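Here is the structure we will look at, set down as C-alpha cells.
The values are calculated or read from the model by the stated rules, or taken from the named source; none is laboratory data. Model, not experiment: these values are computed from the prediction. Glycine also receives a Cβ, built like all others from the backbone with ideal geometry; neighbour counts cover every protein chain displayed.
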Amino acid sequence: MRQQEQLTRLADVIKYVVSPVRFVAAGVLLFQPADQCATAEYLPGRRTLEEAIHKADVLIEALTWIRRFRGKITVVKLGGSIMDESVALNHLLLDVVFMETVGMRPVIVHGGGAAISRAMNAAGLQPRFVQGRRYTDAETLKIVERVLAEQINDQIVRQINELGGRAQGLNFRTANVLYGEKLTLQDQDGQPIDLGYVGTITRVDRETIENMCYAGIVPVIPSMCLTEDGQKLNVNADTAATAVAQAIQAEKLVYLSDVNGVRRVKDDPNTLIDTLTDEEARKLISNGAVDAGMIPKVQACLETLDRGVRKVHIIDGRLRHSLLLEIYTTKGVGTQIVRSAGENENTLRGTRGNIRQCAG
C-alpha cells in the first residue's frame, strides 16, 4: 500500500472512529460517527464493498500497534511552524484525540516561539537569541507567559475538547508541574552568559500528569517552569518535553519537525532513515552525515533514550495525520531512534520490519 493511499484511508477511518460524543455501556466504549449515523452519507449502500474492505485493512494494520501501546504514555512535543498552520494543527490534535480514544495516554508539551516573537514586535521589543535560547528579560517574560502559558495553552485545550477529546492545561493558573532553576551557559572563554529569566527543568510533578492520563484527560503543558522560590522562567520546548518524558518514563517521545526525519542526504527526502539505533545515530553524527541543524535534536533523542524512554521519533508535523501514520502503521513516516544495548536486531526494527514481512 502506498503512503498516500494509507494516509487517505486512515483519515477516512479517523473520521468515523473519533467522535465528539462517546458512551460507556457495560464496560464497552462505543463511538458515535462524527457525521452522525442518521446522515445520508452514512446510510448503508452508499459506500462500496471495496472501500469498506480498505478501511477494515487499515484498522487491522493499526490493531497490532493499538494493542501494543494501549495504556502506554507518549509525550508529543508540539512547536515549530505547525503552530502557525491551523489546518495542520487541527489534524495533529485530531490524531491526539484518536490516540486517547483507543487507549494510549498522550501528553502534549508545547512551545510557541513564532507567536512570542510577533507579540514582542507588537510591543516594540526586539527578539534576541543567545546560543539558541531566547534572551528573556522581565518584559519579555510577561509576554512569554501571556502568549505561551495562557493564549496558546488555552487554544490547544479548547481545540482538543471541540474535537471530542478531554484536555486540561497544566499552567501557572491551574496546576504547574514543571520546576527548575536558572540556566547557566558559558561563552568561548568560559565566562557566564546572561540569558535573563531562562530556566532548565530540575523536577517534574509526575503524579499530577499520570493521574490525568489515567483519567482519560490529555495534559497540555507549556514550556515554562517555576523555581522553588516562585520565580517564573522561560524554558526551551525540546528541553521541557525531554524532561517530562524522562520523568514519567514514557513509552515514546515524538518531536514534530519541519522535515520528515533524519536523512542521509539533507535535501533529499527520499533518503529518510526509517530506524536508527543509538549507536548508529552517534556514528552518523561523528562522520558528518547528519545535517548540522538536526544534530541538537538527535542528541536530545539520545539523551532521552539514556534516561529510560524506549523510543524517540522525529516526524514532519505538517504532513496530514503524521502522528498516527508514524505510530499506527507498519512503516511509519519518520525516523524512530531506539536503544541498541541488549536488544535483538528484529526488536530494534520496531517490530516494523517483522510486521512488514508478515503483511506482504
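Among the strands (runs of 3 or more DSSP E) contained in the stretch 218-334, which hold 1 or more residues that are β-branched (V, I, T), modelled with pLDDT of 85 or more and farther than 29 Å from V58 by Cα? Walk me through it before giving the result.
On the way: elements: 218-222, 224-226, 232-234, 252-257, 275-277, 311-316.
Filter on the stretch 218-334 gives 218-222.
Only one residue in N270, N260 is of a type in the set (S, T, N, Q) and in contact with a Pro (Cβ under 6 Å, 6 or more places away or on another chain). Which one? Exactly one residue qualifies, and that residue is N260. Residues of the stretch 306-321 being of a type outside the set (D, E, K, R) and in contact with an Asp or Glu (Cβ under 6 Å, 6 or more places away or on another chain), which ones? Matches in the stretch 306-321: H313, I315, H321. Check whether at least one residue in the stretch 92-103 is farther than 15 Å from N236 by Cβ, touching a residue at least 40 places away in the same chain (Cβ under 8 Å) and aromatic (F, W, Y), and report yes or no. Among the residues of the stretch 92-103, at least one is farther than 15 Å from N236 by Cβ, touching a residue at least 40 places away in the same chain (Cβ under 8 Å) and aromatic (F, W, Y), which makes the answer yes.
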